[in-house]
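Right, one structure below, let's go through it.
The values are calculated or read from the model by the stated rules, or taken from the named source; none is laboratory data. These numbers come from a predicted model, not from an experiment. Here the Cβ positions follow ideal geometry from the backbone for every residue, glycine too, while neighbour counts run over all protein chains shown. The accessibility values were calculated without ligands, DNA or RNA, using every heavy atom of the protein model including side chains. Shrake-Rupley method; radii C 1.70, N 1.55, O 1.52, S 1.80 Å.
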Amino acid sequence: MSAPLRTQVAIIGAGPSGLLLGQLLHRAGIDNVILERQSAEHVLGRIRAGVLEQTTCELLDAAGVGARMHAEGLLHRGFELCFGGARHRIDLHGLTGGKQVMVYGQTEITRDLMAARVHAGLQTLYQAGEVVPHDYDTTLPRITYHHDGQARELRCDFIAGCDGYHGACRASAPAGALTVFERVFPFAWLGVLADTPPVSHELIYSKHERGFALCSMRSPTRTRYYVQCSPDDKVEQWSDAMFWDELRRRLDPATAATLATGPSIEKSIAALRCFVAEPMRLGRLFLAGDAAHIVPPTGAKGLNLAASDVHYLSRALIEHYAEHSDAGIDHYSARCLARIWKAERFSSWMTSLLHRFPDTGAIGERLQRAELDYLTGSHAAATALAENYVGLPFDA
Ligand code: FAD
Ligand code: DHB
């Protein structure tokens, strides 16, 4: 084994959580190294989230990586619910006293964070294999891994487990240390990315008897659309023509008539689940982002929750090094979980409102319709939706 590396905070995973944490710590003078299983190109090839809350944008600004987002991102002051053959606008800006969301892809955030990391000269070891965290119940945690064909070790003060749902950190917890909560929904999302102009300048969430559909975008010339599908479906079963036909059927006739179609440049299927592992801290190991929790995507909370975890974790670590106080570290898990459970609630509610369930029957359909009518007819109900959609404040 070659001589061990040493850093203050060892971060596992170069997704948005790990990269953002690394940048915020660096700006506070805290040294960090990232170990990532995949190559940088692979990480950048994953098409995922697209809607950012204002607090997430502020955090990207604090990390010094907000410039391109402000130049190229699209500010949205509302979105539409489509049901019963018509579109109904939710005025986010008006209902929340001036808040809005930013449409800017996770791929672009990742690209900006990777560039900032290279510029800062911070170490990222891509294609690190067999990453295993050890001894985080002591003051001398370490990580063993393989890189460039060699077995290596990274010693550190703290380990940040930013390694997603299938990562090594949560899996390393001793039996009984974590309590896991999980609900898997009986459907999935088929997503298509295409270089076509958006069908509308705002997002459309559509409830249809054939199933849910979502019209989103990445830019004025690039769209991201989703249709609810079976969790057993395979991408190969869905030709582009089948996808566009199905999306058109699930929109109101006026919108369907103006839908521009074209060849897909990416197509993928994602399962829908709620998942939370508690607590999010085990000694000197912290879980952040998808490593600790998954929300169903309806409402676009996944990436935003990862950002709020990183906000609490960066503050806690900065407090530890700068003020010699561990109060933030001690409160990290509870602070994150308070916000996470509210987002789990909202995402589950929005998922239940808009999807076709295989087993709820006619009464389920009628109750969904009543709730949609209530939302679009009641200022109080629309305000609750808008307040959650734009994102709850960090300390709510
Ligand atoms: P990840 O992005 O998963 O990053 C974790 C990183 O850790 C990865 O780069 C991975 O390669 C690395 N890693 C894993 N294991 C190891 C290991 N053993 N050693 C070293 N590195 C490791 N959210 C939304 O808000 N809207 C959406 O539309 C949306 N769509 C999604 C579609 C899919 C298919 C998925 C999976 C998620 C989607 N999400 C969406 C959720 C959102 O993308 C995530 O919440 C966000 O990526 C979380 O960031 P993260 O950094 O915590 O985890
Ligand atoms: C997107 C994904 C979501 O889950 C959502 O609620 C809105 C937008 C997107 O990928 O653009």
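Packing-wise, with mean Cβ within 10 Å as the measure, how do 39-45, 332-338 rank, highest first? Walk me through the numbers on the way to the answer.
On the way: 39-45: 13.7, 332-338: 19.3.
Top to bottom by mean Cβ count within 10 Å: 332-338, 39-45.
List every residue whose amide H lies under 5 Å from the amide H of residue 217, counting only residues 5 or more places away in sequence or on a different chain, with H placed 1.01 Å from N in the peptide plane.
For residue 217, the qualifying residues are 224.
What percentage of the solvent-accessible surface of the range 272-378, computed with a 1.4 Å probe over protein heavy atoms, is contributed by carbon and sulfur atoms? Can you show the working numbers first?
Details: 2260 of 4100 Å².
That share works out to 55 percent.
Quick one: check the C-alpha center-to-center distance for the range 115-176 versus the range 322-347, whole angstrom.
Cα centres, the range 115-176 to the range 322-347: 22 Å.
Could you run the Karplus curve 6.51 cos²θ - 1.76 cosθ + 1.60 with θ = phi - 60° over the range 189-203 and give me ³J(HN,Hα) per residue in whole Hz, x for Gly and Pro?
Coupling constants for the range 189-203: 10, 9, x, 10, 9, 8, 8, 9, x, x, 5, 8, 6, 10, 5 Hz.
I'd like to compare 120-126, 254-260: which one has the highest average count of other Cβ atoms within 10 Å, and what's the full order after that? Walk me through the intermediate numbers first.
Values: 120-126: 15.0, 254-260: 13.4.
Result, highest mean Cβ count within 10 Å first: 120-126, 254-260.
With everything on Cα atoms, drop me the angle between helix 106-120 and the longest principal axis of the chain, reported from 0 to 90° to the nearest 10.
Tilt relative to the chain: about 20 degrees.
If I ignore ligands, DNA and RNA and count only protein heavy atoms, how much of residue 33 is accessible to a 1.4 Å probe, in Å² to the nearest 10?
Per-residue accessible area (residue 33): approximately 10 Å².
With all protein chains present and a 1.4 Å probe, how do 195, 233, 137 order by accessible area, largest first?
Values: 195 90, 233 35, 137 130 Å².
Largest to smallest exposure gives the sequence 137, 195, 233.
Does anyone have the angle between helix 327-354 and the longest principal axis of the chain? Alpha-carbon axes, 0 to 90°, nearest 10?
Taking the Cα atoms of the chain, the angle to 327-354 is about 20 degrees.
Please label the shape of the range 270-316 as rounded, prolate or oblate, based on the square roots a ≥ b ≥ c of the eigenvalues of the alpha-carbon gyration tensor (a/c under 1.5 means rounded; beyond that, a/b larger than b/c means prolate, else oblate). Numbers along the way, then the final one.
Numbers: a/c = 3.49, a/b = 1.61, b/c = 2.16.
Judged from the Cα gyration tensor, the range 270-316 comes out oblate (a/c at least 1.5, b/c at or above a/b).
Using a 1.4 Å probe on the protein heavy atoms, what percent of the accessible area of the range 1-54 belongs to carbon and sulfur? Mind showing how you got there, number by number?
Working: 990 of 2020 Å².
For the range 1-54, the apolar C and S fraction of the accessible surface comes to 49 percent.
Run through all the Cα pairs of the chain and give the fraction in each 20 Å bin from 0, expressed as whole percent.
Computed distribution, short to long bins: 27, 56, 16, 0.
For the range 189-214 and the range 244-316, what is the separation of their Cα centres, given in Å?
Comparing the Cα centres of the range 189-214 and the range 244-316, I get a distance of 15 Å.
Take 319, 344 and sort them by solvent-accessible surface of the protein heavy atoms, 1.4 Å probe, largest at the top. Please report the intermediate quantities before stating the final value.
Values: 319 45, 344 5 Å².
If we order 319, 344 from most to least accessible, we get 319, 344.
Express in Å², to the nearest 10, the accessible area of residue 341 obtained by rolling a 1.4 Å probe over the protein heavy atoms while all chains stay in place.
We get 100 Å² for residue 341.
In sequence order, what are the phi-derived ³J(HN,Hα) couplings for the range 286-303 according to the Karplus relation 6.51 cos²θ - 1.76 cosθ + 1.60 with θ = phi - 60°, rounded to whole Hz, with x for glycine and proline?
Using θ = phi - 60°, the values come out as 10, 9, 9, x, 4, 4, 10, 7, 10, 10, x, x, 4, x, 6, 9, x, 5 Hz.
What order, most packed first, do the peptides 278-287, 168-177 have when packing is the mean number of other Cβ atoms within 10 Å of each residue? Before the final figure, lay out each step's value.
Numbers: 278-287: 22.3, 168-177: 14.9.
Taking the mean over residues of other Cβ atoms within 10 Å, the ranking is 278-287, 168-177.
Leaving ligands, DNA and RNA out of it, report the carbon-plus-sulfur percent of the accessible area of the range 69-183 at a 1.4 Å probe.
Working: 2660 of 5470 Å².
Reported share for carbon and sulfur atoms: 49 percent.
Run through the range 91-169 and list the GluC sites (Glu not before Pro) located in a DSSP loop whose Cβ has at most 16 other Cβ atoms within 10 Å. Provide the component values of the computation, followed by the final result.
Numbers: sites: 108, 130, 153; in loops: none.
Qualifying residues, ordered by number: none.
To the nearest 20 debye, what is the magnitude of the charge dipole of the range 200-351 about its Cα centre, counting +1 on the Cβ of each Lys and Arg and -1 on the Cβ of each Asp and Glu? Don't jump to the answer; show the numbers that get you there.
On the way: 19 positive and 18 negative charges, 49 e Å.
Here the size comes out at about 240 debye.
Which ³J(HN,Hα) values, rounded to whole Hz and listed in residue order, are derived for the range 54-69 from phi using the Karplus coefficients 6.51, -1.76 and 1.60 in 6.51 cos²θ - 1.76 cosθ + 1.60 with θ = phi - 60°, glycine and proline given as x?
For the range 54-69, the Karplus curve yields 4, 5, 5, 4, 5, 5, 5, 4, 4, 7, x, 10, x, 4, 5, 4 Hz.
Let me know the charge dipole size of the range 261-317 about its Cα centre in debye, to the nearest 20, where only the beta-carbon of Lys, Arg (+1) and Asp, Glu (-1) is charged.
Working: 6 positive and 4 negative charges, 22 e Å.
The calculation lands at about 100 debye.
Relative to the longest principal axis of the C-alpha atoms of the chain, give the angle of the C-alpha long axis of helix 361-377, reported between 0 and 90° and rounded to the nearest 10°.
Computed tilt is about 90 degrees.
Within the range 74-88, which residues have the backbone N less than 15 Å from the label spot 7 Å out from residue 256 along Cα→beta-carbon, could you tell me?
Within reach of a label on residue 256: 82-87.
When all protein chains stay in place, what accessible area (Å², nearest 10, 1.4 Å probe) is found for residue 331?
Roughly 90 Å² of residue 331 is accessible to a 1.4 Å probe.
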